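Down below is the structure, laid out as structure tokens.
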Amino acid sequence: MAGTLTRQEAREHVMARVKEWLDRKMPEDSAKPVKDGEFREWEDMADEFDREVTAAVVEALAGLSSKAKLQEPGVCPSCGSGNVRWLDEDKQQERQSKHGVMVLPRQVARCRSCGRSFSPSGATLAAGPARAFDATGSGKGVSGRRAGAL
């Protein structure tokens, strides 16, 4: 989901993802077969639903959250200067979560003192520690690892 959406647009986006998944597994048309299998295959389908649909829910909530966009960038994490400014455009970043791949907003600021760019929201999803590695590996370490992990 790119850009800022209204609540109604976000709901429609999530419902479209649910409908797409259902159309593949349980088509409305009774002439088309329902995806059949054994219990373990149904569990695999439920996991697929989680990866595809729950990611859309998280994207929508992030897009609507007042906490997803900061008003002030804060201080530079590199030099500690408060002389920072927002870069003109907000970025979108693809992230991998336990619910699948999703696109989340990412604000970028630049320090006028040291010239470095940074994302004040940090590189984590959920309640990860500040400055932990992000899912795309653009942190200082390996994708999916936390700071201090082996």
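Rounded to whole numbers, the Karplus 3J(HN,Hα) couplings from phi for the stretch 53-65 are 8, 5, 4, 5, 5, 5, 4, 5, 5, 5, x, 9, 6 Hz, using 6.51 cos²θ - 1.76 cosθ + 1.60 with θ = phi - 60°, and x at Gly and Pro.
Suppose we look only past 13 Å in the calculated P(r) of the stretch 7-64. What percent of the Cα-Cα pairs does that tail hold?
63 percent
The S30 and L70 beta-carbon pair, evaluated with R₀ = 41 Å, returns a calculated FRET efficiency of approximately 0.20. Listing F118, F39 from fewest to most neighbouring C-beta atoms within 10 Å gives F39, F118. In this structure, L87 and M45 have a Cβ-Cβ separation that, at R0 = 30 Å, corresponds to a calculated FRET efficiency of about 0.10. Counting neighbouring Cβ atoms within 10 Å and putting the fewest first, the residues T6, T54 line up as T6, T54.
Looking at the stretch 13-114, the trypsin sites (Lys or Arg not before Pro) that sit in a DSSP loop and have at most 15 other Cβ atoms within 10 Å of their own Cβ are K35, K67, K69, K98, R112.
Read the figures in this text as sums done on the coordinates, not as results from a lab. For clarity, every value in this text was computed on a predicted model and none was experimentally measured. Note: ideal-geometry Cβ built from the backbone for every residue, glycine included; neighbour counts use all protein chains shown.
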